[in-house]
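See below for the structure under consideration.
Any read-out appearing in this document is the output of simple, stated calculations on the displayed coordinates, not a laboratory observation. Everything numeric here is computed off the predicted structure, so don't read it as measured data. Every residue, glycine as well, gets a Cβ built from its backbone with ideal geometry; the counts of neighbours run over all protein chains shown.
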Amino acid sequence: MVNRYDPAIEARIREVAAAGETPVLQRLREAKFISHNVPLTPTLCTRPGEPLIEASPRTRAIHDALHLYLPGGPRGKSAVDLGCLEGGLTFELWRAGLQVLGVEVRQDNLDRALLLRDHFRAEGEMAFLQADVREFRPGRRFDVVVCSGLLYHLDDPAAYIVQLAELTAPGGLLYLDTHVAPEDVELAECEFRGSLSPLRSRDAGGTTIRWRDYAEDVTQAESSVGNATSMWMDTDSHVELLIRAGFSRVFEMHGYFGPGETALKRRYARRYWAALKSA
Ligand SMILES: C[S@@+](CC[C@H](N)C(=O)[O-])C[C@H]1O[C@@H](n2cnc3c(N)ncnc32)[C@H](O)[C@@H]1O
């Protein structure tokens with residue numbers, strides 16, 4: 001396995017740890033991280049008692065995608081982390097050697113991410129922007145686009161796949177981790193069956209898409225903004241829309257959960273995809 005971290009960044013992380021107590025570290029101790037467990041020093045992390053973000057299956061899949069599908073690997077390339085929450089995956093992308101921008105709509109989530117940036121003295125390498133991703137049209141493209149845990153919160157994920165393609169540079173990589181609509185025969189084993197509508201279908205710019213509606217709990221810090229119902233599209237719709245949007249190769253990633261992985265993915269209605277744009 002290729003070393004997934006940039007040695008210069010790892011050296012910086014060790015320097016930060018050796019610096020001992022700082023006002024930023026004190027604020028990080030007090031901050032309430034709700035999902036991402038980021039190592040701050042060899043003895044301190046953002047969610048003590050939880051597995052570190054580097055060990056999570058989707059993080060391992062992202063690092064694999066960077067090394068398997070990005071010609072020349074990630075070092076020195078640009079990335080955007082859409083719906084970055086408190087910046088854990090942004091941190092992992094930075095650690096891989098990418099110049100990364102995290103985009104997040106909720107300022108309180110972003111405040112914790114900014115503390116991470118300051119703690120690791122990563123200004124200029126790890127940046128954050130408060131924005132609704134649907135309005136995020138930066139007029140530039142990124143070598144790596146990470147869309148993890150976001151697409152299924154949106155009211156029009158089919159339209160957003162076109163936006164994802166516009167954000168991805170030629171030769172670039174989109175990593176997409178999302179929920180999918182289970183087929184009727186899979187519904188009984190799906191954890192979310194009680195919150196999902198019957199399958200629906202419509203035309204989306206010449207592609208027939210199928211989806212189930214999902215009732216969002218908009219009070220949650222990890223949920224949608226501005227839409228109380230989101231769409232979980234089926235597997236075929238995602239693949240078809242990705243190809244139509246300009247991704248010439250789409251790979252589904254397995255091998256992160258051990259035996260029983262496909263049953264687990266049906267249970268949680270989840271898929272990991274790496275989509276590549278031709279150079
Ligand atoms: C389920 S969390 C996923 C967080 C992270 N990407 C991960 O995979 O761990 C979804 C995140 O997307 C953010 N979000 C939801 N809708 C958004 C939107 N329209 N624009 C920007 N961020 C959004 C939420 O605030 C939340 O932080």
Separation of alpha-carbon centers, the range 55-72 and the range 1-49, rounded to whole Å = 21 Å
Separation of the Arg249 and Glu189 label points, Cα + 7 Å toward Cβ, nm = 3.0 nm
Pairs of Cα atoms under 8 Å, at least six residues apart: use those to get the relative contact order of the chain, whole percent.
-> 16 percent
State the extension gain, in nm to one decimal, for the chain segment bounded by Thr229 and Arg134, taking 0.36 nm per residue of separation less the distance between their alpha-carbons.
-> 32.6 nm
Footprinting proxy, Met233, Met126, Met253: sorted fewest to most Cβ within 10 Å, the residues are Met253, Met233, Met126
Contour minus end-to-end for Ala11 and Glu123, with contour as 0.36 nm per residue of separation and end-to-end as the Cα-Cα distance?
-> 38.7 nm
With contacts defined as alpha carbon pairs under 8 Å and 6 or more residues apart, what's the relative contact order of the range 39-189 in percent?
-> 21 percent
Could I have the simple spin-label model distance between Tyr256 and Glu50, label points 7 Å from Cα toward Cβ, reported in nm to one decimal?
-> 1.6 nm
Tilt relative to the chain, helix 235-245 - C-alpha long axis, 0 to 90 degrees, to 10 = 80 degrees
Helix axis angle, 57-69 relative to the chain longest principal axis, alpha carbon, degrees | 90 degrees
Put a dot 7 Å past each Cα toward the Cβ at Arg141 and Ser197; how far apart are the dots in nm?
-> 3.5 nm
Between 0 and 90°, nearest 10: helix 157-167 axis offset from the chain longest Cα axis | 50 degrees
